[in-house]
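Right, one structure below, let's go through it.
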Amino acid sequence: MKIFIVNGKGGSGKTTFENYIKKLCSKNDLECEVISIIDYVKEIASLCKWNGSKTNKDRKFLCDLKKLLTDYNSLPLQIVLDEVKIFVDECYDVLFIDMREKEDIDNFKKYYNAKTILVDNSRTRNNNYGNSADDEVYNYEYDIIIHNDSTIKDLQVEASIFYNSYILGDLNDD
């Protein structure tokens, strides 16, 4: 299984990139999934009447809630680790994990040989979202950088290059 940790500021194109890779995998009968360390936090936030929006206030709320859960018992990371075990047991080929904080990325990499990806978008690069998860994205040294500074077609070209190099290329090396 190939595991990739994906990061990028809000609105950088992470989901678009991942969805395109999922389509490419599907065309080649490869099992691919995307999960996020923030998914469980969002479930808890919805109990607090969070409505799913992504304003800066919402982003800060989710970031702060995740930090509280992490400081208390590392629950968000533990849930992701449990989910990954399921995907490994089910023999998935490719797994993308949306994960922002450096400590989580480093801790996850202790358990799995994952490559890190930054989806870099010049339109969002200098945005200040008012929370550490978004605002500290560039404080990490990534293995792979996907440039998303132009059109959706250009991002698809970037995704195709990534797919051929890191997914098909690595599968052929096995």
Next item on the list: Quick one: among Tyr140, Tyr40, Tyr111, which has the greatest mean-square fluctuation in a GNM of the chain with alpha-carbon springs under 10 angstrom?
Entry: Tyr111
Notebook entry, point to check: If the cut-off is 29 Å between C-alpha atoms, which lysines fall inside it for Lys57, apart from same-chain ones fewer than 8 positions away?
Noted result: Lys9, Lys14, Lys42, Lys49, Lys66, Lys67, Lys102
Next item on the list: Taking only Cα atoms and a 10 Å spring cutoff, compute GNM fluctuations for the chain and point out the largest among Ile38, Ile144, Ile86.
Entry: Ile86
Check: Which far-off residues, 5 or more places away or on another chain, put their amide H under 5 Å from the one on Tyr140, with H placed in the peptide plane?
Finding: none
Item checked: Candidate residues Tyr72, Tyr129: accessible-area rank, largest first, probe 1.4 Å -> Tyr72, Tyr129
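Probe radius 1.4 Å, ligands and nucleic acids left out: which of Met99, Met1 has the largest accessible area, and how do the rest follow? Walk me through the numbers before you get to the answer.
Details: Met99 0, Met1 85 Å².
The ranking, largest first, comes out as Met1, Met99.
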Note to self: Just to confirm the filter: which GluC sites (Glu not before Pro) across the stretch 1-69 are DSSP coil and have at most 16 other Cβ within 10 angstrom of their Cβ?
What the structure shows: Glu31
Margin query: At q = 0.11, 0.14, 0.17, 0.18 Å⁻¹, what log₁₀ I(q)/I(0) does the chain have when each alpha carbon counts as one equal point scatterer in the Debye sum?
Written below: -0.46, -0.76, -1.13, -1.25
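Kindly report the accessible area of the chain per residue (heavy atoms of protein chains, probe 1.4 Å, no ligands, DNA or RNA), in Å². Could the numbers behind the result be given before it?
Working: 9510 Å² over 174 residues.
Heavy-atom accessible area per residue stands at 55 Å².
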Next item on the list: Would you be so kind as to identify which of Leu155, Ile3, Gln78 lies farthest towards the positive end of the dipole of the chain, taking Lys and Arg as +1 and Asp and Glu as -1 on Cβ and the Cα centre as origin?
Entry: Leu155
Item checked: Compactness index (Cα Rg / 2.2 N^0.38 Å), the stretch 66-109 -> 1.22
Check: Relative to the longest principal axis of the chain, what angle (0 to 90°, nearest 10) does the C-alpha long axis of helix 152-162 take?
Finding: 70
Item checked: Under the Karplus curve 6.51 cos²θ - 1.76 cosθ + 1.60, θ = phi - 60°, whole-Hz ³J(HN,Hα) for the stretch 63-70, x wherever Gly or Pro sits -> 4, 5, 5, 4, 4, 4, 5, 5
Item checked: Long-range amide H partners of Ile5 with built H, under 5 Å -> Ile97, Lys115, Thr116, Ile117
Check: By its C-alpha gyration tensor, with a ≥ b ≥ c as the square roots of the eigenvalues, how is the stretch 110-174 shaped: rounded for a/c under 1.5, else prolate for a/b larger than b/c, else oblate?
Finding: oblate
Check: By how many nm would the segment from Glu43 to Leu81 lengthen if fully extended, with 0.36 nm per residue of separation less the alpha-carbon distance?
Finding: 11.9 nm
Next item on the list: Taking the Cα centre of the stretch 111-174 as origin, sum charge times position over the Cβ atoms of Lys and Arg (+1) and Asp and Glu (-1), and report the length of that vector in debye to the nearest 20.
Entry: 240
Next item on the list: Quantify, in whole percent, the carbon and sulfur part of the accessible surface of the stretch 98-174 (1.4 Å probe; protein heavy atoms only).
Entry: 44
Item checked: Sparse-neighbour loop sites [trypsin sites (Lys or Arg not before Pro); the stretch 37-101; at most 13 other C-beta within 10 Å; DSSP] -> Lys49, Lys54
Notebook entry, point to check: Per the 1.4 Å probe, what fraction of the accessible area of the stretch 1-43, in percent, lies on carbon and sulfur atoms?
Noted result: 39
Next item on the list: For the stretch 1-87, just run the numbers: alpha carbon Rg, then divide by 2.2 N^0.38 Å, N being how many residues it has.
Entry: 1.22
Notebook entry, point to check: If you plug each phi of the stretch 71-80 into the Karplus form 6.51 cos²θ - 1.76 cosθ + 1.60 with θ = phi - 60°, what whole-Hz ³J(HN,Hα) values come out, in order, with x for Gly and Pro?
Noted result: 5, 6, 7, 6, 4, x, 5, 4, 5, 5
Next item on the list: For each cysteine in the chain, check whether another cysteine's C-beta sits under 4.7 Å from its C-beta; list those where none does.
Entry: Cys48, Cys63, Cys91
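The values are calculated or read from the model by the stated rules, or taken from the named source; none is laboratory data. Since we're looking at a predicted model, the values are computed, not measured. Glycine also receives a Cβ, built like all others from the backbone with ideal geometry; neighbour counts cover every protein chain displayed. These accessible areas exclude ligands, DNA and RNA; they are computed on the full protein's heavy atoms, side chains included. Shrake-Rupley method; radii C 1.70, N 1.55, O 1.52, S 1.80 Å.
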